[in-house]
Each structure stands twice: as structure tokens, then as C-alpha cells.
């Protein structure tokens with residue numbers, strides 16, 4: 001359907017994982033190419049000249065970047081197993097919560113391990129609050145998408161493998177603070193598309209430790 | 001398509017202007033309600049409990065926030081004239097540039113009037129660089145949407161009435177640095193939907209003066 005699919009990515013990137021899950025949900029065959037961020041490939045620089053970041057989806061001669069934009073593109077090109085709902089209002093709600101994951105969950109989570117002094121504790125508080133807000137939006141549904149994985153599930157679930165690193169640096173437990181999110185995460189991991197894209201939380205913790213040293217966040 | 005439409009907004013907000021332009025383009029009748037951001041109304045707090053920000057679109061009792069999401073909703077509910085293209089890839093490109101405007105234009109523009117000295121000079125440089133990148137994306141088309149106003153035009157054009165304030169505080173000229181953007185802006189202003197939604201640049205300049213005092217930037 002329109003040519004070869006290539007994904008430029010980095011194994012530990014939760015944004016890349018979003019795309020991997022979406023492609024797997026749709027059963028799309030693609031070539032995964034691991035980038036080295038200290039030494040970005042010609043193809044990456046050419047296909048995302050504005051931001052020079054991963055993930056980038058290359059479909060034939062078309063390049064798409066920004067993970068949520070890529071996931072929407074994948075959802076629109078491969079129409080089986082829809083991730084976004086049909087109804088415009090429900091779609092807007094799904095986009096709102098996916099955007100919330102970026103603006104609030106990821107933003108506060110990153111502050112937990114990239115700041116010093118009192119800031120990590122403050123960030124941990126913000127992070128838990130944002131997860132609780134998501135928890136109440138999940139309600140009694142199995143997934144944010146209802147009975148099946150949807151757009152918001154795909155947007156949020158990659159961060160689950162980073163919870164351990166956040167917990168270690170923030171001094172809290174997601175399972176204790178947000179049991180529904182914990183249960184939802186386990187349900188997601190039962191799906192092959194999610195489990196295949198999952199990373200070892202201990203390896204993620206090591207990535208965080210390495211980045212802390214590299215950027216002087218210690 | 002039935003049901004009452006209410007827009008909770010603030011006169012100077014470029015994000016609110018996006019919604020106003022989209023509604024006007026579609027010929028949708030709606031009630032505009034001005035919010036006092038220092039004393040937010042019950043309805044605003046109830047309809048956007050997560051961020052408590054404007055704009056909020058209330059359609060038939062259902063609330064939506066985040067301007068990018070609101071405009072996409074408007075485009076999907078009232079189909080004529082379409083703002084986003086039909087093709088999935090062209091759509092991804094449009095979403096990319098709208099996201100770029102959010103991530104790059106607004107932040108660097110705000111830094112221009114919120115900072116002084118070297119930080120301000122750096123913000124000016126960044127803002128002009130970002131405008132030039134957008135100029136490159138426009139190419140030789142009359143609008144980002146091609147022959148007609150499209151999604152990206154709606155997302156970017158509100159900042160045009162803030163240019164004067166950025167220029168005065170930053171000591172530069174958009175027309176001199178980015179003549180194509182300047183020409184595009186004038187073209188957009190010929191459309192009633194745009195000219196009615198954008199504010200008088202002198203009023204915005206005055207408003208920025210008020211904000212500088214409020215944030216203690218002198």
C-alpha cells in the first residue's frame with residue numbers, strides 16, 4: 001500500500017515505541033533502523049531536517065515525523081483495527097488525552113530525573129497527579145479505547161517501561177498511587193503489539209543513569 | 001451538526017483566534033463569551049477542568065479544549081470548506097507545520113517580550129529562524145493550504161497581529177526578514193474570517209506592555 005515502510009528509531013524511545021505498537025496493531029511490515037543519536041544518519045537528517053529527531057516513518061518517498069502525527073497517519077492509511085474512534089467528538093477527546101500525555105505526564109516525568117534539589121519531589125507530585133487524572137478518565141473501561149487498544153493507550157503505554165526509573169528517582173510507587181493505571185498497564189502488556197515493543201525497565205533505568213551523568217543532572 | 005455552539009475565549013489570544021477563524025470559514029453561528037482570565041468563570045472551570053484555559057468550544061453541551069484539537073473538530077463536523085487536505089500524507093504534513101507553529105513560534109515570540117539583553121537577542125534570532133523555516137514550507141503557494149486558506153494558515157495567522165509587539169520589543173522587522181510571510185499575511189487579511197478575528201496590533205502591543213508589568217519584566 002504505497003511502498004516500503006522504514007522506521008528510524010532508537011530502542012529506548014517511548015515515542016518510537018508508540019509507532020512500533022501502531023504498526024504492529026495494523027500488521028504492517030516495516031524495516032526498523034536503529035539510529036545513534038550522537039551520530040545521526042544522513043537519512044535521518046534528510047528526512048527530518050526541521051527537528052532532526054526520531055521517530056521518523058518513511059513510507060515510499062514520504063517522511064512523517066512527530067510520534068502522534070505518525071500514529072494518526074498510520075491509522076488513516078491502514079484502516080483495519082482503527083485506533084481513533086469514528087465520532088468527531090470522541091476523536092477530539094482521544095486527541096486531548098494523547099496530548100495530555102505529552103504535555104503533563106512526559107513533561108513532569110522528565111523533570112523527576114533531570115532536575116536537582118527540591119525539584120524532583122515536586123515533579124513526582126505533578127507526575128502522580130497527572131496519572132490520577134488519566135486514571136479517572138479511564139474509569140471502568142479496560143482500555144482508554146474502550147474494549148480494545150486505542151490512540152490514547154498507544155500514546156501512554158510506552159512510558160510504563162519508564163515507571164521503574166521514575167519510581168527510583170522520585171521515591172514513589174505507581175502501583176500504590178494509581179492501582180487502576182497499574183492494572184491497565186498489565187492488560188496492555190497482554191497484547192502482542194505492546195509486549196513485542198516493551199523494554200526491560202532495568203535497562204531503561206540504566207539509560208536514565210547514563211543520561212543523568214552525560215548531561216550533568218547529578 | 002445541530003446544537004448550540006459557544007466559544008469561551010479571550011480577545012487577545014492567538015489560540016482563540018484560531019477557533020474564531022475556523023468557525024467563520026465554516027459559516028457556523030456561535031456565541032462568543034469573553035473570559036476574564038484573572039477571574040475565570042464557573043463555566044470555563046467546569047468545561048476545562050484539566051487546564052482551566054481558553055479557548056473552549058462547547059457544542060451541544062459537549063466541551064473541547066486545545067486550539068489544534070478544536071479546529072480539527074470543527075473541520076470534521078462542518079465539512080465545508082475543508083481545512084485539512086483529503087490525502088493522509090498531506091494531512092500529516094499540515095499537522096506537522098501546525099505543531100511546529102505551536103512548539104516554535106509561540107514560545108520564541110513570548111520570550112522576546114519576557115526577556116532582556118542577551119536572552120532577548122537570542123529569542124529574536126530564534127523567532128526569525130523559525131519564521132524563515134515556515135517561509136520555506138510556504139514556498140510559492142499563496143497559502144499553506146495551496147490555493148485557499150487551510151489548516152496551517154488558520155494555525156499561524158493569529159500570530160500576525162502579535163508581530164508588531166515582537167518587532168517593537170525585539171528591534172527587528174518581519175517584513176524585512178521574511179518578505180514572503182509578510183505577503184502571505186496580507187493575503188490572509190483579505191479574508192473576512194481572518195480580518196474579523198485578528199486584533200489591532202497596537203492594542204496587542206499595549207496588552208504586552210500590561211503583561212510585562214504584570215510579570216515584572218522591565
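Could you look through region A:46-98, keep only residues that are in a helix (DSSP H, G or I) and more than 27 Å from residue B:74 (Cβ to Cβ), and pick out the one that is farthest from the other protein chains (Cβ to nearest Cβ)?
A:46
Just to be sure, is residue B:144 more than 14 Å from chain A (Cβ to nearest Cβ), crowded, with 17+ Cβ neighbours inside 10 Å and within 26 Å of residue B:70 (Cβ to Cβ)?
Judged against the criteria, residue B:144 is a match.
Would you confirm whether or not region B:13-25 contains a residue that is outside any helix (DSSP H, G or I) and either within 12 Å of another protein chain (Cβ to nearest Cβ) or modelled with pLDDT of 95 or more (or both)?
Yes - at least one qualifying residue is present in region B:13-25.
Can you confirm whether region A:136-154 contains a residue that is in a helix (DSSP H, G or I), free of Cβ contacts under 8 Å to residues at least 24 places away in the same chain, within 14 Å of chain B (Cβ to nearest Cβ) and out of contact with any strand residue (DSSP E or B) (no Cβ under 9 Å at 6 or more places or on another chain)?
yes
Can you name the helices (runs of 4 or more DSSP H) wholly within region B:163-214 that have at least 3 residues being out of contact with any helix residue (DSSP H, G or I) (no Cβ under 7 Å at 6 or more places or on another chain)?
The qualifying helices (runs of 4 or more DSSP H) are B:179-189, B:201-214.
Within region B:86-102, take every residue that is assigned to a helix (DSSP H, G or I) and out of contact with any helix residue (DSSP H, G or I) (no Cβ under 8 Å at 6 or more places or on another chain) and give me the one that is surrounded by the fewest Cβ atoms within 10 Å (Cβ to Cβ).
Here the residue is B:90.
Residue A:170: free of Cβ contacts under 8 Å to residues at least 40 places away in the same chain and either buried (at least 17 other Cβ atoms within 10 Å of the Cβ) or over 20 Å from residue A:12 (Cα atoms) (or both), yes or no?
So residue A:170 fails the test.
Restricting to region A:99-115, what's the tally of residues that are over 21 Å from residue B:67 (Cβ atoms) and either within 10 Å of chain B (Cβ to nearest Cβ) or in a loop (DSSP other than H, G, I, E, B) (or both)?
Selection size over region A:99-115: 1.
Based on what the data block shows, is residue B:52 touching a helix residue (DSSP H, G or I) at 6+ places or on another chain (Cβ under 8 Å), free of Cβ contacts under 8 Å to residues at least 40 places away in the same chain and assigned to a loop (DSSP other than H, G, I, E, B)?
yes
Please state which one of B:79, B:104, B:132 is within 14 Å of another protein chain (Cβ to nearest Cβ) and under 13 Å from the mean Cα position of the chain (by Cα).
Among B:79, B:104, B:132, only B:104 is within 14 Å of another protein chain (Cβ to nearest Cβ) and under 13 Å from the mean Cα position of the chain (by Cα).
The values are calculated or read from the model by the stated rules, or taken from the named source; none is laboratory data. Quick caveat, the model's predicted, so the values are computed rather than measured. Don't worry about glycine lacking a Cβ; one is built from the backbone with ideal geometry, like all the others, and counts go over all protein chains shown.
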